[in-house]
Amino acid sequence: MKLLAPLVAVFALAALALGGAAAGQYYLLGVVIPYVAFALFLFGFSYKIYGWAKTPVPFNIPTTCGQQKALPWIKGNELEAPSSTLGVLGRMALEVLVFRSLFRNTKANLEPGPDLSYESDKSLWLFGLLFHWSFLLIFLRHYRFFLEPVPFFVGFLEKFDGLLQITLPTFYLTDALILLGISALFARRVISPKMRYISLAADYFPLMLIGAIALSGMGMRYLHKVDIALVKTHIQGLITFHPEAHVIGATFYVHLLLVSALAAYFPFSKLMHMGGVFFSPTRNLANDSRVNRHINPWNPQIKIRTYADYEADFKDKMKSAGIPLDAD
Amino acid sequence: MYNLKWILPPFLAFLAILTYPLWSGPKGAMPELAKPKGEACVESATWMRANHMQLLDHWREEVVRNQSRVYVNQAGQRFEKSLTKTCLSCHNNKQEFCDRCHNYTSVKPYCFECHVDPKLSEVSHVQ
């Protein structure tokens, strides 16, 4: 059920787009739904960020994997246990760009004996990295539709992505890599019983949806071709707010509807880890709890009275009673 | 709200980059293509717009591997399977036909590193 529901949902979306295109609903599919989806994305994303920005962090809770900065003769590890803002930025950059914490992933094995053993498991890191970077490069390549003149980096990416110069239109490496990455991430959840047990429909749905987006995009490029120049004209119409319905191949509308579904679903799903990673206290706090006091912002304001205040108030009485004063 | 000085600038930058195509001003429209010679294309124009690169790929394969140089289209007309001799004989203004559309859609075929655009070679003869 956890597997079937998202699968049905993705197929239903594709079927809807095919049906809509067959029924001539080009304005709905090509204009209304993309606009609504993009608006939902912007609104939802901002709302999530707002929610996180107003949530206080009660404790200093960085997770550290290295020696904290301490005495001068102990070598501190600035990236694994940052003591400064610069170190935190470095750790965050490593996390976001190369998924450093996944690199430390381990796998537990129960062997006859019974013996429990742990071993390093880099597959999640590797396939996660392949998937995310391919996705980013593919997204950036799409700027050939969004901007005219086409920005400089698109040609650069296309050149290296199409390095093999096989097939026409030229085959892109990232197309193969994203499929490899997403298939492996999917297989990881279904093959191991432990992973399957903790996986939910909300884990499978994004994988299937993104897989379907990649497949429909590739189908449109290599198999069931569409008029790319018309696609660009259509998208230029959308982004200059002069939208028009165009009759483009049904594959395009399948792709567009799936992308719209992803954009609309994004802010309300686990995919928000894109913004959330920056808000993880374990990643974004410096490991400086011995140097700076972290004040919990939701602590009530307690009225405190120091001994110095007390003494100032009762100075005369204390003096006459012969009690020694700190102030003297 | 906490830590706004760390959250707001990157978030606004993210929104600005994401919506850049929407506010960065007017975009170029699809450029005007040079008029081809002849009545009709090898296949219907709509089909050509989407599929011409695969037709060329097919032609290349047939010629180079099978020595089959004659293409018969849907309507039964015969064409030589040749990039320069067939396509560019009717579309004799490559710059303002093929290249214009390719620039608009950011396509850079590497074919003309070897194949000849007759118009360009004429120019170089004159010089």
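The values are calculated or read from the model by the stated rules, or taken from the named source; none is laboratory data. No experiment lies behind these values; they were computed from the predicted model shown. In this analysis, Cβ positions are derived from the backbone assuming ideal geometry, glycine residues included, and neighbour counts consider all displayed protein chains. Just so you know, the surface numbers come from the protein's heavy atoms only, side chains and all, with ligands and any DNA or RNA stripped out. Shrake-Rupley method; radii C 1.70, N 1.55, O 1.52, S 1.80 Å.
Quick look at the values:
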{"item": "Heavy-atom accessible surface that A and B bury in contact, both chains counted, 1.4 Å, Å² to 100", "result": "3200"}
{"item": "Positions from the stretch B:84-106 whose accessible area shrinks by 50 Å² or more when the full protein complex is built, not the chain alone, probe 1.4 Å", "result": "B:104, B:105, B:106"}
{"item": "Karplus-derived HN-Hα couplings along the stretch A:117-134 (A = 6.51, B = -1.76, C = 1.60, θ = phi - 60°), whole Hz, x at Gly and Pro", "result": "10, 10, 9, 5, 10, 9, 5, 4, 4, 5, 6, x, 5, 4, 5, 5, 5, 4"}
{"item": "Overall form of the stretch A:183-276 per C-alpha gyration tensor (a/c, 1.5; a/b vs b/c)", "result": "oblate"}
{"item": "Residue pairs, from the table A:225/B:37; A:48/A:122; A:159/A:225; A:2/A:54; A:225/B:119; A:225/B:108, whose Cα atoms sit over 23 Å apart", "result": "A:225/B:37; A:48/A:122; A:2/A:54; A:225/B:119"}
{"item": "Choice from B:50, B:75, B:13 showing the highest fluctuation, given a GNM over chain B with Cα pairs closer than 10 Å", "result": "B:13"}
{"item": "Summed side-chain charge close to residue A:63 - residues other than residue A:63 whose Cβ falls under 13 Å, Lys, Arg +1, Asp, Glu -1", "result": "+2"}
{"item": "Tensor-based shape of the stretch A:12-123 (alpha-carbon gyration tensor, a/c under 1.5 rounded, otherwise prolate or oblate)", "result": "oblate"}
{"item": "Relative contact order [Cα under 8 Å, 6+ residues apart], the stretch A:4-297, whole percent", "result": "34"}
{"item": "Per-peptide average of other Cβ atoms within 10 Å, ordering A:299-309, B:83-93 highest first", "result": "B:83-93, A:299-309"}
{"item": "Chain B - percent relative contact order, Cα under 8 Å, separation 6 or more", "result": "26"}
{"item": "Sequence-distant aspartates and glutamates (8 or more away, or on other chains) whose Cα lies within less than 12 Å of residue A:315", "result": "A:326, A:328"}
{"item": "Three-way shape label, the stretch A:58-144, alpha-carbon gyration tensor, a/c 1.5", "result": "oblate"}
{"item": "Apportionment of accessible area to carbon and sulfur, the protein assembly as shown, percent (1.4 Å)", "result": "66"}
{"item": "Inter-label distance, nm, simple model (7 Å from Cα along the C-beta direction), residue B:95/residue A:97", "result": "4.2"}
{"item": "The stretch B:25-95-the stretch A:1-43 distance, computed between alpha-carbon centres (Å)", "result": "35"}
{"item": "Sites residue A:64 and residue B:39 - FRET efficiency at Förster radius 60 Å, r taken between beta-carbons, to 0.05", "result": "0.20"}
{"item": "Per residue value of the accessible surface for the protein assembly as shown (all protein chains in place, 1.4 Å probe), Å²", "result": "61"}
{"item": "R0 of 22 Å, Cβ-Cβ distance residue A:84-residue A:57: FRET efficiency to nearest 0.05", "result": "0.75"}
{"item": "Heavy-atom accessible area, 1.4 Å probe, ligands and nucleic acids excluded: residues of the stretch B:9-48 down by at least 40 Å² from chain alone", "result": "B:11, B:14, B:18, B:21, B:22, B:27"}
{"item": "Delta accessible area of at least 20 Å² on complex formation, residues of the stretch A:231-262, 1.4 Å probe, chain isolated as reference", "result": "A:232, A:233, A:236, A:239, A:240, A:241"}
{"item": "For the stretch A:145-160, Karplus couplings with θ = phi - 60° (6.51, -1.76, 1.60), whole Hz, Gly/Pro x", "result": "8, 8, 10, 9, x, 5, x, 4, 6, 5, x, 4, 5, 4, 4, 6"}
{"item": "Histogram of C-alpha separations across chain A, 10 Å bin width, %", "result": "5, 17, 24, 21, 14, 8, 4, 4, 2, 1, 0"}
